[in-house]
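Worksheet: the structure to be examined is printed underneath.
The values are calculated or read from the model by the stated rules, or taken from the named source; none is laboratory data. Since the structure is predicted, the reported quantities are computational estimates derived from the model, not experimental observations. For neighbour counting, all protein chains shown are included, and Cβ atoms are generated from backbone atoms with ideal geometry for every residue, glycine included. These area figures cover heavy atoms from the full protein model, side chains too; ligands, DNA and RNA do not enter into them. Shrake-Rupley method; radii C 1.70, N 1.55, O 1.52, S 1.80 Å.
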Amino acid sequence: MGVLSLLAISCSQSVCAKTHHATASKHSKETATKTEKPTAPVLSDPQISIYSAHKEKNNYVIALYTDRPGKALITYDSPTCQANSYGDTVLNSKNKSEIIFTSTEDPLCKVTLQKTANNQLKITKETSACTAWHGDFCSFSSLSPLTRIYPQ
């Protein structure tokens, strides 16, 4: 049953006619006065980059924003070492290819990462607080360069 049929059943013809006419007029005025405003383009966040390296039974993964400060995850799993950390990164203002990671678990643990020209990430140094946290048998700075796997 259509809307007009329902209106006719629920009220007298004179009232329905006035109500329907008023509703139709109101809708026409709204349509005529309402103009579509262009929407601003939505800027998406830069993609997070994921770097990985596999050597024998050692797996290294780093996920971070390489072009702006943000959150990061470093994971280093081997038969003798499990050093996983998350924290914040900042870009070196003097060298945009250098990223400094600060662990959330221990703010004194800082890892310096270097972006290379061939989509790799090299860990160049780490503070002694990191060594105390994950032990001296595994070191982030001993990792081979990691290759970016996402985005490709």
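Quick notes
- The single condition from (1) open to solvent by less than 70 Å² (accessible area, probe 1.4 Å); (2) at pLDDT below 90 that Lys55 fails is (1).
- Residue check for Asp106: of a type in the set (Asp, Glu) and within 17 Å of Arg148 (Cβ to Cβ): no
- The range 60-89, subset hydrophobic (A, V, I, L, M, F, W, C) and either within 16 Å of Thr102 (Cα to Cα) or in contact with a strand residue (DSSP E or B) (Cβ under 6 Å, 6 or more places away or on another chain) (or both), residue modelled with the lowest pLDDT: Ala83
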